[in-house]
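*Asks:* This is the structure I have questions about; it appears just below.
The values are calculated or read from the model by the stated rules, or taken from the named source; none is laboratory data. The shown structure was predicted, so the numbers you read here are calculated from the model rather than taken from an experiment. As a convention, Cβ positions derive from the backbone with ideal geometry for all residues, glycine included, and neighbour counts pool all protein chains shown. Side chains included, ligands, DNA and RNA excluded: accessible areas come from the protein's heavy atoms. Shrake-Rupley method; radii C 1.70, N 1.55, O 1.52, S 1.80 Å.
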Amino acid sequence: MAKALDFIDVPPNSGDATKGLIVILHGWGANAEDVASIVPFLQLPGYHFVFPNAPFPHPHSPIGRAWYDLSQDNMYEGLTESRELLIDCLQSLENSTGIPLKQTILSGFSQGGAMTLDVGLKLPCCGLISMSGYLHSNIQNIETPATNILPPVLIMHGKQDAVVPLQAATKSRDVLESLAVPLEYYEFEGGHQISSQMLDVARTFILSNLT
């Protein structure tokens, strides 16, 4: 097992009071640099951003990373390790940044969105954002955070997503609603992508929950 996740760290400009921490997880086959490129489009000065790299190499890309295997023979292999590493990373960021989990929003795209829901519902984060993500099959058995309060969740998905079908988003919505999770749900025209509309909604969600 890897010792720790490496990540791209984007602190707020010098002199700005830090309003909170936003952690964004990349999808299968991408890497931290891919999602770090969205920072200017979110227009959130004063917030600290962290972009972790998944621990496993991608089987078809020399620069891509994976949170776990998605092949038919080894589906979800590596999930337990990634889950532990991500929880360790988030808890260590409390110490290194001085920003507690209650002022941290965890978010992710695709496989990173799935990891966001998997890990974030177990921790006292102040909000979760899943873009084109999905639920792991064991999510119904989640353990609530020590606070016993589940964080608010924002789910966004493209109606024409051919990689993670829209059904994955509606299932996530239905399961989380059954668990009484505070939920915002949006569908957009488009495929498997982070659109400008998603970023606008994410920005509003962040400002509403992390100020």
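*Asks:* Express in Å², to the nearest 10, the accessible area of Val119 obtained by rolling a 1.4 Å probe over the protein heavy atoms while all chains stay in place.
*Replies:* 0
*Asks:* OK, next. Quick one: of Lys122/Lys171; Lys102/Lys159; Lys19/Lys102; Lys102/Lys122, which pairs are farther than 23 Å apart, Cα to Cα?
*Replies:* Lys102/Lys159
*Asks:* With the cut-off at 1.5 for a/c, could you classify the range 100-211 from its C-alpha gyration tensor as rounded, prolate or oblate?
*Replies:* Oblate shape, in that a/c is at least 1.5 and b/c is the bigger or equal ratio.
*Asks:* Considering only protein heavy atoms, with the full assembly of protein chains and a 1.4 angstrom probe, order Ile38, Ile149 by accessible area, largest first.
*Replies:* Most to least solvent-accessible, the answer reads Ile149, Ile38.
*Asks:* Return the FRET efficiency for the residue pair Thr18, Ser208: r is the Cβ-Cβ distance, R0 is 22 Å, and the value is rounded to the nearest 0.05.
*Replies:* 0.75
*Asks:* What number, rounded to the nearest 500 deg cm²/dmol, is the helix-based mean residue ellipticity at 222 nm of the chain, given -39500 (n - 2.57) per DSSP H run of at least four residues and division by all its residues?
*Replies:* Result for the chain: -9500 deg cm²/dmol, rounded to the nearest 500.
*Asks:* Of all the Cα-Cα pairs you can form in the range 1-126, what percent are over 24 Å apart?
*Replies:* Taking all Cα-Cα pairs of the range 1-126, the fraction more than 24 Å apart is 24 percent.
*Asks:* Taking amide hydrogens as modeled 1.01 Å from N in the peptide plane, which residues meet the under 5 Å criterion relative to Leu154, leaving out close sequence neighbours?
*Replies:* Correct list: Leu128, Ile129, Ser130, Glu184.
*Asks:* Between Gly133, Leu79, Ile105, whose Cα lies farthest towards the positive end of the dipole of the chain when Lys and Arg beta carbons carry +1 and Asp and Glu beta carbons carry -1, centred on the Cα centre?
*Replies:* Value: Ile105.
*Asks:* Quick check for me: using +1 on Lys/Arg Cβ and -1 on Asp/Glu Cβ, what's the dipole size of the chain about its Cα centre, in debye to the nearest 20?
*Replies:* The calculation lands at about 340 debye.
*Asks:* Output needed for the chain: three equivalent-ellipsoid semi-axes, defined as square roots of 5 times the C-alpha gyration tensor eigenvalues, in descending order, whole Å.
*Replies:* Equivalent ellipsoid of the chain: 23, 20, 18 Å, largest first.
*Asks:* Continuing with this model, one more query. Given an 8 Å cut-off on Cα distances and at least 6 residues of separation, report the relative contact order of the range 51-197 as a percent.
*Replies:* Contact order relative to length: 16 percent.
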